[in-house]
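Colleague: Provided herewith is a single structure, encoded as structure tokens, for subsequent inquiry.
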Amino acid sequence: MAIGVALYTLFGGLVLQRLEKKPANLTSVKGIAKRTIEYDEYYKHQNHPWTFTDSLLFTFTIITTIGYGYVAPQTFWGRLFCIFYAFLGIPLTVIALADLGKFISELMDGSEEKAKRAFRSQRKNKNHLYSKITANSETHGSETVKLKDPDNIEHEDVDKSKKPKKSAAQQETERQNKRAIQFSFLFVIYLILGAEVISYYEPDMDFFKAFYFNFVTLTSIGLGDVYPRNNTFLIITIAYISIGLALCTIAFEIATTYLRKLHYFGRKIEKVGDVAIWFGGKKLTMKQLIKNLAEQFNLPVATIKGLDIDKFVEDVIKVENGELDTLRTNPIGPEHVHIELEPFADEDEHGELKWSFRIKFREA
């Protein structure tokens, strides 16, 4: 998808370069140009022809909805092409940025998992070394100071069995909070590093101006008072903006989640049965989903009709938050379950019979 957007941007740049043979139109910002040094300098050269880099940057700012505005099509055909180009390009770019954001998120998850595995491996090796030292001390009968496992010093007096187990909802909340902190930190670092690099090759940007440019661009504000001018490093700037927009998309999604929680905080749950859930482009309401789920397990119709879905969802939330143990009216423990082994024969890939056992559970 990212390659498709890149080719689409190149295509738009080539077409607009052919359509806009007249000088670039800067009159829409003439008033601003009189008040800023950047536009005063650029306005002196407003009669230069529309170059490919102008077209490339312009098409990129269209499909990403940044829209600096200091260059715009002047001909009828250029403006008409711009309308259709944006109509197709903006959804394509939104999908590509979402895919890129998902890839970055999965990459971060994978890196975090690798770091955890490396930590567990190091801890395992440390525990193994501790066991060998202890075993050698006991074997030789030497008087040695009793060593303590450094990983267990803080937990030696804690009974792990008494620790309350976190519910799935609590674990998900902790994961979201950690992810929000990670992405906020990553986004700030990305802005700072980008400002350092861009200020190096952009002649009119110091560090703060580059940081300001990055923030205004990556948040799709696109004021246009500061813009990239170095055509040699334009591809690097576009690549930086593309990755930054994906990061910003994830950050906005996280912020939206927290705002939604704040919006519904303390509100009474009602009309849950009419809530729509989308499954791969197909919509089902909660009422339809529960009804078909009950039919799958052959539950009586009267039971389903008498179900208060709003109360049911409230109780589910309490279970996931650890406020309730279960929704079972008569919880079944191990003493109420019989385990049976049922033998059966099956053929392997060579056609030979092999006997196995199937485990069956039934209530006592």
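Colleague: Give me the accessible area of residue 275, 1.4 Å probe, in Å² rounded to the nearest 10.
Modeller: 70
Colleague: Now, a different point. With a 1.4 Å probe and all protein chains in place, put 188, 313 in order of accessible area, largest first.
Modeller: 188, 313
Colleague: While we're on this one: List every residue whose amide H lies under 5 Å from the amide H of residue 285, counting only residues 5 or more places away in sequence or on a different chain, with H placed 1.01 Å from N in the peptide plane.
Modeller: Residues meeting the amide H criterion: 277.
Colleague: Which loop GluC sites (Glu not before Pro) in the range 208-306, with loop taken from DSSP, have no more than 11 other Cβ atoms within 10 angstrom of their Cβ?
Modeller: 270
Colleague: Give me the percent of accessible area attributable to carbon and sulfur for the range 219-331, probe 1.4 angstrom.
Modeller: The C+S portion of the solvent-accessible surface of the range 219-331 is 60 percent.
Colleague: Find how many whole Å separate the alpha carbon centroid of the range 232-309 from the alpha carbon centroid of the range 56-129.
Modeller: 22
Colleague: Given bins 5 angstrom wide, list per bin the percent of all Cα-Cα distances in the range 218-319, short to long.
Modeller: Values per bin, smallest distances first: 2, 9, 11, 14, 13, 9, 8, 8, 7, 6, 5, 4, 2, 1, 0.
Colleague: May I ask for log10 I(q)/I(0) of the range 51-126 at q = 0.18, 0.23, 0.25, 0.28 Å⁻¹, from a Debye sum over the Cα atoms as equal point scatterers with solvent left out?
Modeller: With no solvent term, the Cα-only Debye profile gives -0.79, -1.02, -1.10, -1.22.
Colleague: Okay, moving on. In Å², what does the accessible area per residue of the range 221-288 work out to with a 1.4 Å probe?
Modeller: Per residue, the range 221-288 has 67 Å² of solvent-accessible surface.
Colleague: Would you pull out the residues with amide H under 5 Å of residue 72's amide H, same chain only if 5 or more places away, H placed 1.01 Å from N?
Modeller: Close amide H contacts, sequence-distant or interchain: 25.
Colleague: Tabulate in residue order the Karplus-calculated ³J(HN,Hα) for the range 78-95, using 6.51 cos²θ - 1.76 cosθ + 1.60 with θ = phi - 60°, rounded to whole Hz; enter x for Gly and Pro.
Modeller: Per-residue couplings from phi come out as x, 5, 5, 4, 4, 5, 5, 5, 5, 4, 8, x, 5, x, 4, 6, 4, 5 Hz.
Colleague: Could you put 221, 290 in order of accessible surface area, largest first, with the 1.4 Å probe and the full protein assembly present?
Modeller: 221, 290
Colleague: In a shell of Cβ-Cβ distance under 13 Å around residue 110, excluding residue 110 itself, what net charge do Lys and Arg (+1) and Asp and Glu (-1) give?
Modeller: Working: positive: 102, 114, 116, 117; negative: 106, 109, 112, 113.
Its environment carries a net charge of 0.
The values are calculated or read from the model by the stated rules, or taken from the named source; none is laboratory data. Just so it is clear, the structure is predicted and the values come from calculations on it, not from any experiment. Here Cβ is always computed from backbone atoms with ideal geometry, including for glycine, and neighbour counts include all displayed protein chains. These area figures cover heavy atoms from the full protein model, side chains too; ligands, DNA and RNA do not enter into them. Shrake-Rupley method; radii C 1.70, N 1.55, O 1.52, S 1.80 Å.
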